[in-house]
1. Please find the FRET efficiency linking V41 to L10, where r is the Cβ-Cβ separation and R0 is fixed at 51 Å, and quote it to the nearest 0.05.
2. Could you tell me the calculated FRET efficiency between A154 and F57, based on Cβ-Cβ distance and R0 = 35 angstrom, to the nearest 0.05?
3. I want to verify the translational diffusion coefficient of the stretch 1-139 in µm²/s; compute it with Stokes-Einstein, Rh as the Kirkwood radius over Cα pairs, at 25 °C and 0.890 mPa s.
4. Can you compute the modelled spin-label distance between E103 and A137, with each label point 7 Å from Cα toward Cβ, in nm?
5. W179 versus S76, label points 7 Å from Cα toward the beta carbon: distance in nm?
6. From the mean inverse distance of alpha carbon pairs (Kirkwood) and the Cα radius of gyration, derive Rg over Rh for the stretch 7-55.
7. In the stretch 7-57, which trypsin sites (Lys or Arg not before Pro) fall in coil by DSSP and have 14 or fewer other Cβ atoms within 10 Å?
8. Residues of the stretch 136-160 with the amide nitrogen closer than 14 Å to a label point 7 Å from the Cα of I95, along Cα-to-Cβ, please.
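Bear in mind these aren't lab numbers, they're just calculated from the coordinates by the rules spelled out. These numbers were taken from a predicted model, which means no experiment stands behind them. All Cβ positions, glycine included, derive from the backbone under ideal geometry; neighbour counts span all protein chains shown.
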Amino acid sequence: MEFAAAVGALLLLLFVTLGVIATTKAVRAVGRGMERASAEVRRTVDTTALRARSARFGPVGELARTRLELRTSIDSTRKELAAARTGDASLEEAIGLLDRLHEHARVLDREMGALMDHEPDRARVAARLPELRERTAEIRHSADSLRFAAQDRARRHHADELDGLREQIALESGALRHWDPPQGAPTDGAPGVPPGGPVGGLAGGPAGGPVAAPGPGHGPVPGAAHGSGPGQPGGGLRPPRPGEGLGLRKDAPPHNAT
């Protein structure tokens, strides 16, 4: 009985501890979400105010436009690297470099914001503009370099994948058309070419076709005389009879030579 009570107390303590841990994590997650949301809201309001002030003339408007260009360059590069990181883990180092660059951009943005909001001497603001624009151009050039490199890498990667896919599709298409003979290969039963012997049918036998008949004035063709074929009695060729092979008959009148 005491053992069961101890086990129940331990289970209750375990459940309470897990509940406290889960509640703490949920509260922290909600807090982080609210912080991110509030930061986004503040950034959106600040960007809207900068866009309104960038339409003004003078050093204040120039500073507002410079700050907008700096923020746009950093944000575009971060979005590009974040999108490319899902398929390419080698971009982690580039993202780390961008984080360090972003810190310098924040320092410069705060400095320009302080000049816009708290510096009443417009001549001093105008005197600081060339140096601030130069620093902004350096940071933008570095951010743009990372973004362009990520875009070129993604484009090259997709091009290599497409080339490999096209080769595989070509091989698979050839395998599916297995009934087509290769180019230049002879086909059985081609017109004008007998399948089993030379052209013209001059060879005797089953594969060579029928034996050609001799013309006038020619001797007997071997194998065409009676009794000379394989399996016939006599075996060899008989001597020609008088007048045989000359195209003469016994009852024909003699032909006078002129």
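1. For V41 and L10, the calculated efficiency is 0.65.
2. Given R0 = 35 Å and the Cβ-Cβ separation, E is 0.30.
3. The diffusion coefficient I find is 129 µm²/s.
4. 2.7 nm
5. Output for this residue pair reads 5.6 nm.
6. Reported Rg/Rh, Kirkwood definition of Rh: 1.52.
7. The qualifying sites are R56.
8. Correct set: none at all.
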